[in-house]
Amino acid sequence: MDKELMPIYESVVRGDAPSVQKEVQAAIDAGIGADDILKQGLIPAMKEVGDLFEKGEYFVPEMLVSARAMQSGLELLKPLLASAEVKSTGKVVLGTVQGDLHDIGKNLVGMMFEGAGFELVDLGADVSPEKFAQGVRENQPDILAMSALLTTTMPAMKTTIEALEGAGLRSQVKVMVGGAPITDEYADEIGADGFAPDASRAVSLAKKLLE
């Protein structure tokens, strides 16, 4: 890693948003490309945060703080990345299913996706099967990621997959599911392509699905 990008990496891991913004701006001013700042500074930092979470050294609050710090740096880079037409890792449409208003977990997953270089379309919470299908049709994503935090809203995942099938879109997109009550068995039962138990593993799963 470029030594000028080390402070960005360290500030993201530490969850220090003001420092991330300052260091990202300094790197831009020093003429370092937005692509390099993203791929050598922000992405490796969020990978480290994910690793720390999986080892049990970081918990959800630390992960959220780091993800928000990463996003504050990413906001400065987005216009530059767009104008440089930097290729993303893939495109994800994300949402919490109909009847479920929980969005903290979904937001964390979204930030982890962005931190791994994915292009993200967040449909929000309480998303109907029709709206998910519309999101897939309009955005042509590689992955549709659905979250449910309540056992009562889990069936909406199956209904959404059926809506994709009915609209002739199912074969065009990989579907991954997650949330507290979801299991691998349930994902198989409803015909999803994969299940991730947490935000860090959601990114690993998405990359695996796109191989």
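The values are calculated or read from the model by the stated rules, or taken from the named source; none is laboratory data. Since the structure is predicted, the reported quantities are computational estimates derived from the model, not experimental observations. Using ideal geometry, Cβ is built from the backbone for each residue, glycine included, and neighbour counts are taken over all protein chains shown. Each accessible area value is taken on the protein alone, full model and side chains, heavy atoms only, with ligands, DNA and RNA left out. Shrake-Rupley method; radii C 1.70, N 1.55, O 1.52, S 1.80 Å.
From the list E119, E189, which residue is more than 30 Å from Y58 (Cα to Cα), in contact with a Lys or Arg (Cβ under 9 Å, 6 or more places away or on another chain) and of a type in the set (D, E, K, R)?
That would be E189, the only listed residue that is more than 30 Å from Y58 (Cα to Cα), in contact with a Lys or Arg (Cβ under 9 Å, 6 or more places away or on another chain) and of a type in the set (D, E, K, R).
What number of residues within segment 1-16 satisfy the criterion of being among the charged types (D, E, K, R) and not in a helix (DSSP H, G or I)?
Residues that pass the stated criteria total 4.
Taking only pairs six or more apart or across chains, which ones have beta-carbon atoms under 9 Å, a first residue in segment 171-183 that is farther than 18 Å from K91 by Cβ and of a type in the set (S, T, N, Q), and a second residue that is part of a loop (DSSP other than H, G, I, E, B) and open to solvent by 20 Å² or more (accessible area, probe 1.4 Å)?
Pairs that qualify, where the first residue is farther than 18 Å from K91 by Cβ and of a type in the set (S, T, N, Q) and the partner is part of a loop (DSSP other than H, G, I, E, B) and open to solvent by 20 Å² or more (accessible area, probe 1.4 Å), are T183/P197.
Please go through segment 24-41 and give me each residue that is open to solvent by 40 Å² or more (accessible area, probe 1.4 Å), part of a helix (DSSP H, G or I) and closer than 16 Å to L81 by Cα, ordered by number.
Keep residues of segment 24-41 that are open to solvent by 40 Å² or more (accessible area, probe 1.4 Å), which gives 25-26, 28-31, 35-36, 39-40.
Applying the additional criterion that residues be part of a helix (DSSP H, G or I) yields 25-26, 28-29, 35-36, 39-40.
If the condition is that a residue be open to solvent by 40 Å² or more (accessible area, probe 1.4 Å), part of a helix (DSSP H, G or I) and closer than 16 Å to L81 by Cα, then Q25, I28, D29, D35, D36, K39, Q40 are the ones that fit.
Give the number of residues within segment 178-211 that are open to solvent by 40 Å² or more (accessible area, probe 1.4 Å), closer than 12 Å to G50 by Cβ and in a loop (DSSP other than H, G, I, E, B).
The total comes to 0.
Could you please find all residues in segment 132-177 being within 18 Å of G105 (Cα to Cα), open to solvent by less than 30 Å² (accessible area, probe 1.4 Å) and part of a loop (DSSP other than H, G, I, E, B)?
A148, T153, M154
Residue-by-condition table, conditions (1) part of a helix (DSSP H, G or I); (2) touching a Gly at 6+ places or on another chain (Cβ under 7 Å); (3) within 21 Å of F118 (Cα to Cα):
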site: P18; (1), (2), (3): yes, no, no
site: K22; (1), (2), (3): yes, no, no
site: I43; (1), (2), (3): yes, yes, yes
site: M46; (1), (2), (3): yes, yes, yes
site: S88; (1), (2), (3): no, yes, yes
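Can you find, within segment 66-86, the residue that is modelled with the highest pLDDT among those that are of a type in the set (A, V, I, L, M) and not in a helix (DSSP H, G or I)?
Here is the first cut: in segment 66-86, the ones of a type in the set (A, V, I, L, M) are 67, 69-70, 74, 76-77, 80-82, 84, 86.
This time we only want the ones that are not in a helix (DSSP H, G or I), so: 84, 86.
Working: A84: 81, V86: 77.
Step by step, filter segment 66-86, then rank; the result is A84.
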